[in-house]
Structure formats: C-alpha cells, structure tokens
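The values are calculated or read from the model by the stated rules, or taken from the named source; none is laboratory data. Every value quoted in this text rests on a predicted model; they were computed, and no experiment measured them. Cβ sites come from the backbone with ideal geometry, for glycine too, and all protein chains shown count toward neighbours. Ligands, DNA and RNA are excluded from the accessible area calculation, which covers all protein heavy atoms including side chains. Shrake-Rupley method; radii C 1.70, N 1.55, O 1.52, S 1.80 Å.
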Amino acid sequence: MLKAVTYSFVALSLSNQAWALDPNKIPFIDSSAKIDGVLEADIWQRALEIDINNITWPYENQSSPVQTKAYVYENGQSLFIAFDAKDPDPELIRAFYRDRDRAWEDDLVGIKIDSFNNAQSAYQFFINPLGVQQDSIENELTKSENGSWNGIWDSVGKINKDGYVVEVEIPLRVLNFNDSLESKTMALEFLRFYPRNERLRISSMQLRHANSCWICQMPKYQGFAKAKQGSNFAVIPTLVTNRRESRDIDDGIAEPWQADNNVEPV
C-alpha cells in the first residue's frame, strides 16, 4: 500500500512538472541523454512534451489514427529529441536498413528547423524506426530541397511491441543561426510519416493548404541561450567495409513492400 501511494505521488509530481513547462520554450537541461532508442524517464520527463497528432497531408488538419509524442530539450551544445511512436500493428511498420537518404518511403519521424526564423529555409532531419537518417535543406523561395547536404548528428531507433522509439541528438553547431542573441527564436515542426493504405503526414501543428508557404506556418520556440556557432570543421574517423549478398527472385515471392515514385511534400 505504501509503494502504491509513493508511486502515485511521484507520478503526480512529474505530471505537475511537465505541465509547468512553457509550451513555447525549449527547456535547458545541463545533461546529455543516452542515445540508445530507450526512453529514460529521469531526463525525458523534464523535457518539453509535444503531441504529433494532426494529419496535414493528404488531408487538412484531421485527427491522427496513431499516437505520437516528441520530447525535446537542449543543453547548450545539442538539441535532443525522443519520439515515442505508437502503432496498433507493429508488424506493419515499414523499416529497412538502407543507405543514408534512401529511406524516405519508410515509416519516419523527424523535425524541421527554421533556425534563423525567417521563413526562407528549414533543415530537415528524418529517421526511420531502425535509426536510418535522412536530412536535407528545404528552400522556401525556390520550393526545392538540397538532399546533398549531410549534417553530422546521431540517431538510434528501436521497434517494440507498442510501435517504435527514436532518439536523436543534433549538435547545434551544424545549424546556422544568430548567436549574438541571448535568447534565440527558431521555428520548429515535429513530424511523423505513416505509410499504410495511404501515406499520412502527421504534424505537431495545424497547416493551411491554401497558404503555399509551409515554413511560414511553423510554430516558434525560444531558448538556446548558450548555443554558439561552430567552425563547421570536423574530423570523422571512418571505417569502410563491403559485403555482397544475392537472393533468388525466381521463387515467385515478391518483395515485402515496393515503393512507388510518388513523392509528397515534407
């Protein structure tokens, strides 16, 4: 009985703490989350919780059929995000180990960052349930994306019985922003792509299709007081290996899923 009362008190305290967070401010926590695809309550409970529950494509602002939450904070050096993506049928999750920037048709979660808050461009970071990374820079003026841009960031994803979890660390030095400001404002959108009988774009925000500028509609968040621009120079130890595999395609068994060539906006 004592244990039950103690647990209820702790849960209430955590709930009150989360409720007290400013929904428009990214909290500063002087600690680094372990990026392993497993949510650690002791740090993520102090992060800002964001619901990703709004279908923005192909429909306009309809309720999502699946539950997704993002937890976000920064420590002055990096932006940390954890995605808890629930799925009623985890066996239908589309996730394959692929080369970087080749998993756009899988299940995905991610974030778009307009780091200058000028509605002209946004960094895009997307991750499939196995941790495979996709990144690019979206240009609002030309309505194009630069997929050749590759930032240096960390992500791990794990599928579980309830769906999947992805944890992300994005070093702030990979972003361009005005570091002369004490408190910085960035526009952020948190996203999930849910491909089943149709591919749903699920967002943390409302999106008006009549407004062609999607970056303009992204919510603004404040924080990053200790963030500084990096030198954009990094030495990366790399090990390259090669493995060749083949399979018999004459046995009449089709691929488990075949991507089409339709590309929806991100």
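Given the structure, is Asp36 under 28 Å from Trp214 (Cα atoms) and at pLDDT 95 or above?
no
Of the conditions (1) of a type outside the set (Asp, Glu); (2) over 20 Å from the mean Cα position of the chain (by Cα); (3) modelled with pLDDT of 95 or more; (4) open to solvent by less than 70 Å² (accessible area, probe 1.4 Å), Ser155 satisfies every one except a single condition; which number is it?
Condition not satisfied by Ser155: (2).
For residues that are over 15 Å from the mean Cα position of the chain (by Cα) and of a type in the set (Val, Ile, Thr), scanning just the stretch 158-200, find the one that is most open to solvent (accessible area, probe 1.4 Å).
Ile159
Of all residues in the stretch 95-128, which are under 28 Å from Gly223 (Cα atoms), among the hydrophobic types (A, V, I, L, M, F, W, C) and part of a loop (DSSP other than H, G, I, E, B)?
Within the stretch 95-128, Phe116, Ala119 meet the criteria.
Please work out if Glu91 is charged (D, E, K, R) and not in a loop (DSSP other than H, G, I, E, B).
Here the answer is yes, as Glu91 does meet what is asked.
Looking for whichever is more than 23 Å from Pro27 (Cα to Cα) and in contact (Cβ under 8 Å) with a residue 40 or more places away in the chain here; the options are Ala95, Ala122, Ala103. Which one fits?
Checking each option against the conditions leaves just Ala95.
Any idea which of Asp84, Asp106, Asp89, Asp101 is farther than 25 Å from Lys161 by Cα and among the acidic types (Asp, Glu)?
One residue alone meets the criteria, Asp101.
Gly131 - would you say it is open to solvent by less than 70 Å² (accessible area, probe 1.4 Å), in a strand (DSSP E or B) and of a type in the set (Gly, Ala, Ser)?
When the stated conditions are applied, Gly131 does not pass them.
Yes or no, residue by residue, for (1) among the hydroxyl-bearing types (Ser, Thr, Tyr); (2) open to solvent by 20 Å² or more (accessible area, probe 1.4 Å):
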site: Gly37; (1), (2): no, no
site: Trp44; (1), (2): no, no
site: Thr56; (1), (2): yes, no
site: Ser64; (1), (2): yes, yes
site: Gln77; (1), (2): no, yes
site: Asp87; (1), (2): no, no
